[in-house]
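Chemist: Sharing a structure with you now.
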Amino acid sequence: MTLYFGDILPYLPVMLKALWVSIYVTLISFAAGGVLGIFIYLAKASRFKALQLFSNGYIEVIRNTPLLVQLYLIYFGLGSIGINFNPLWSVLIGMTLNNSAYTAEIFRAGISAVPKGLREAGTALGMPFHQTFRYVILKPGIRNVLPALTNQFIVLFLFSSIGSVIALDELTSTLQNLNSQTLRTLEIFSVGALLYFLTSAAIAFGSRITERLAFRW
Amino acid sequence: MIITVEGLHKSFGKLEVLKGIDCEVAEGEVLCVIGPSGSGKSTFLRCLNFLESFREGQVTISGHNLTGAKTNLNAVRRDVGMVFQSFNVFPHMKVIDNIMLAPMKVGKVSRVDAHARGMVLLEKVGLTSKADVYPSTLSGGQMQRVAIARALAMEPTVMLFDEPTSALDPETVGDVLDVMKKLAEEGMTMVVVTHEMGFAREVADRVLFMDAGVIVEEGTPAQIFESPQHVRTQTFLSKLL
């Protein structure tokens, strides 16, 4: 058995195109899940018991069930009762919901780690809560959550590989197809793994640079 | 009277921290509040701008009744400056931006005016050269002086100080006290919760001794420090010497 990458070289553009699908699926669900996560967090932090209960339940259900099962529920489960989403939408919805629960918890931890005294100082200056939040709490809060958010982004990106089980043309399912075409199993999947790795490493690196530039205080 | 407090009670859960406080502060007066830890003196101070809510009692400050139905607490707090034990300067803003924030966002002062006023205040607290640095490079005493300048930027009529020197290294305490002294001389109305008996003795017009949620004794610094009437005051002061 010798490794031979020559056969798969022509497929590199196909792989890169599939990698791009993985990336943009991640970007969209990370952004949408992030926005949703803010609302879930706000509901959890609100004074209203019903909202707290709802967001707690939501977070617990999502965090304590596998993403794969969530995806099956959306694609096959809802499909079986006539609510049909195509693979792309199913993956986007599944990853967005999943991401929102995790980011809500990240926001909660980050915001509550901002010293209470800063909020009091804002309040004592006569700033209404929305101003105190925006000018005083938000930036230190974001600095607190940035490492965890980066981590979450990478996890989400790697999880996007489950799109392959419902035949979304992202990187992993493309690798499977190429494998059956070329039978260069070890080569195909090691190149695929390398693509995942390089992308994740680039994201982590970008995040560290951002942290250094945007939060130097 | 710029501050009037009547029958102020405050509880945290079942623990009653303030058990009926009555007190008045005249315009331009410097009132120092002393007492052992847990006596309720910080809570009392924090009730004065409703940073701590209370259900029982009345507080009128700078013409606002704190518990009035139409009271806008943010408007009250604009008139009442506060300085904290832990400084609470905003770490993500340069010193000058710390001072400019509230005037610009709350007071609707232009950036240019806020900057000019900020520089005047920095000069007053002796930190002109630190305008464009981040607070993390400052000593505790410098941070506290920034916090004082920040509170003054809203041009308050009353200043509340919550143990402003308790978290400081001994060598930086003097600079902060000097700034406060200057402020007192300029006629600012000040309520100062403090453990600095030297400051209270020298600067206060009146000293108020609190213990276990009540005002035990009040009087001029001479009365309180030279001839305290109450046993609890005597015990407290004797422990400090």
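Chemist: Carbon and sulfur: what percent of chain A's accessible surface (1.4 Å probe)?
Modeler: Summing carbon and sulfur atoms, their accessible area is 69 percent of the total for chain A.
Chemist: When chain B is treated as a GNM, springs tying every alpha-carbon pair under 10 Å, which of B:L101, B:L31, B:L51 comes out with the largest mean-square fluctuation?
Modeler: The residue that fluctuates most here is B:L51.
Chemist: Taking the dipole about the Cα centre of chain B, with the C-beta of Lys and Arg at +1 and of Asp and Glu at -1, give me whichever of B:L73, B:V25, B:V158 is farthest to the positive side.
Modeler: B:L73
Chemist: For the pairing of chain A with chain B, what total accessible surface becomes buried, with a 1.4 angstrom probe, in square angstrom to the nearest 100?
Modeler: Summing both chains' loss of accessible area gives about 1800 Å².
Chemist: State the answer as a single residue: which of B:M1, B:N98, B:M190 lies farthest towards the positive end of the charge dipole of chain B, with beta carbon charges of +1 for Lys and Arg and -1 for Asp and Glu, about the Cα centre.
Modeler: Looking along the dipole axis, the top candidate is B:N98.
Chemist: What ranking do A:93-99, B:111-117 get when scored by the average of other Cβ atoms within 10 Å per residue, highest first?
Modeler: Top to bottom by mean Cβ count within 10 Å: A:93-99, B:111-117.
Chemist: Do any residues of the stretch B:71-90 lose at least 20 Å² of accessible area when the full set of protein chains is present rather than just their chain alone, and if so which, with a 1.4 Å probe?
Modeler: Correct list: B:N74, B:R77, B:F84, B:N88, B:F90.
Chemist: Kirkwood-based Rg over Rh for the stretch A:9-214 (C-alpha set), two decimals?
Modeler: 1.06
Chemist: List the residues, sorted by chain then number, that are 5 or more residues from B:V83 or on another chain and whose placed amide H is less than 5 Å from its amide H.
Modeler: B:L160, B:F161, B:D162
Chemist: Which of the listed residues, B:S53, B:I224, A:V191, is farthest toward the dipole's positive end in the protein assembly as shown, when Lys, Arg count +1 and Asp, Glu count -1 at the beta-carbon?
Modeler: My answer, from the dipole projection, is A:V191.
Chemist: Here's another thing I want to ask about it. Which order do A:S55, B:S139 take by accessible area at a 1.4 Å probe, largest first?
Modeler: Per-residue accessible area, sorted high to low, gives B:S139, A:S55.
Chemist: Probe 1.4 Å, all protein chains in place: accessible area of A:E120 in Å², nearest 10?
Modeler: Its heavy atoms expose roughly 30 Å² to the probe.
Chemist: Let me ask something additional. Give the share of C-alpha pairs in each 10 angstrom bin for the stretch B:1-135, from 0 to the last occupied bin, in whole percents, shortest bins first.
Modeler: 11, 33, 30, 21, 4
Chemist: What average count of beta carbons from other chains do you get within 10 Å of the Cβ of residues in A:125-133?
Modeler: Whole-number average of other-chain Cβ neighbours for A:125-133 is 6.
Chemist: Mean 1/r over all different Cα pairs, inverted: what Kirkwood radius does the protein assembly as shown give, in Å?
Modeler: 26.1 Å is the Kirkwood radius here.
Chemist: If you count, for every residue in B:44-53, the Cβ atoms of partner chains within 10 Å of its Cβ, what is the mean?
Modeler: 1
Chemist: How far is helix A:12-45 tilted off the main Cα axis of chain A, in degrees rounded to 10, range 0 to 90?
Modeler: Its long axis makes an angle of about 20 degrees.
Chemist: Could you grab the relative contact order for chain A? Cα pairs under 8 Å, six or more apart, rounded to a whole percent.
Modeler: Once divided by the residue count of chain A, the mean separation gives 29 percent.
Chemist: Between exposed trypsin sites (Lys or Arg not before Pro) in chain A, where DSSP calls loop and at most 11 other Cβ atoms lie within 10 Å, what's the longest gap?
Modeler: With trypsin sites (Lys or Arg not before Pro) excluded where exposed in loops, chain A gives A:48-215 as its longest stretch.
Chemist: So, with +1 on the Cβ of K and R and -1 on the Cβ of D and E, and no other charges, what is the size of the charge dipole of the stretch A:9-214 about its Cα centre, to the nearest 20 debye?
Modeler: 760
Chemist: In whole Å, what are the extents of chain B along the principal axes defined by its C-alpha atoms, from largest to smallest?
Modeler: 53, 45, 32
Chemist: Ignoring ligands and nucleic acids, what accessible area does A:L92 show with a 1.4 Å probe (Å², nearest 10)?
Modeler: About 20 Å², ignoring ligands and nucleic acids.
Chemist: Using a 1.4 angstrom probe with every protein chain in place, what is the largest-first accessible-area order of B:H195, B:H92, B:H9?
Modeler: B:H195, B:H9, B:H92
Chemist: Just how much of B:V109 is accessible, in Å², when a 1.4 Å probe is used and the result is rounded to the nearest 10?
Modeler: Its accessible surface works out to 30 Å², give or take rounding.
Chemist: Calculate the mean, over all residues of peptide A:115-123, of how many other protein chain Cβ atoms lie within 10 angstrom of the residue's Cβ.
Modeler: If you average over the peptide's residues, the count of other-chain Cβ atoms is 6.
Chemist: Enumerate the calculated ³J(HN,Hα) couplings along the stretch B:102-119 in order (Karplus 6.51 cos²θ - 1.76 cosθ + 1.60, θ = phi - 60°), each rounded to whole Hz, writing x wherever the residue is Gly or Pro.
Modeler: 5, x, 6, 7, 9, x, 6, 7, 5, 4, 5, 5, 4, 5, 4, 5, x, 5
Chemist: In what sequence, largest accessible area first, do B:E52, A:E60, B:E186, A:E211 appear using a 1.4 Å probe?
Modeler: Result of the area sort, largest leading: B:E186, A:E60, A:E211, B:E52.
Chemist: Given +1 on the Cβ of Lys and Arg, -1 on the Cβ of Asp and Glu, and no further charges, what dipole in debye does the protein assembly as shown carry about its Cα centre, rounded to the nearest 20?
Modeler: With only Lys, Arg, Asp and Glu charged at Cβ, the dipole is about 1180 debye.
Chemist: With r defined as the distance between the Cβ atoms of B:L15 and A:L27 and R0 fixed at 51 Å, what FRET efficiency is calculated, to the nearest 0.05?
Modeler: Step by step, r from the Cβ atoms, then E = 0.50.
Chemist: Treat every Asp and Glu Cβ in the stretch B:1-140 as -1 and every Lys and Arg Cβ as +1, leave all other atoms uncharged, and give the resulting dipole magnitude about the Cα centre to the nearest 20 debye.
Modeler: Using Cβ point charges on Lys, Arg, Asp and Glu, the stretch B:1-140 gives about 480 debye.
Chemist: Could you list the trypsin sites (Lys or Arg not before Pro) in the stretch B:1-30 that lie in coil according to DSSP, counting only those with at most 11 other Cβ atoms within 10 Å of their Cβ?
Modeler: Answer by residue number: B:K14.
The values are calculated or read from the model by the stated rules, or taken from the named source; none is laboratory data. This is a predicted model, so every value here is computed, not measured. Using ideal geometry, Cβ is built from the backbone for each residue, glycine included, and neighbour counts are taken over all protein chains shown. For the accessible areas, the whole protein counts, side chains as well, though only heavy atoms, and no ligand, DNA or RNA atoms are used. Shrake-Rupley method; radii C 1.70, N 1.55, O 1.52, S 1.80 Å.
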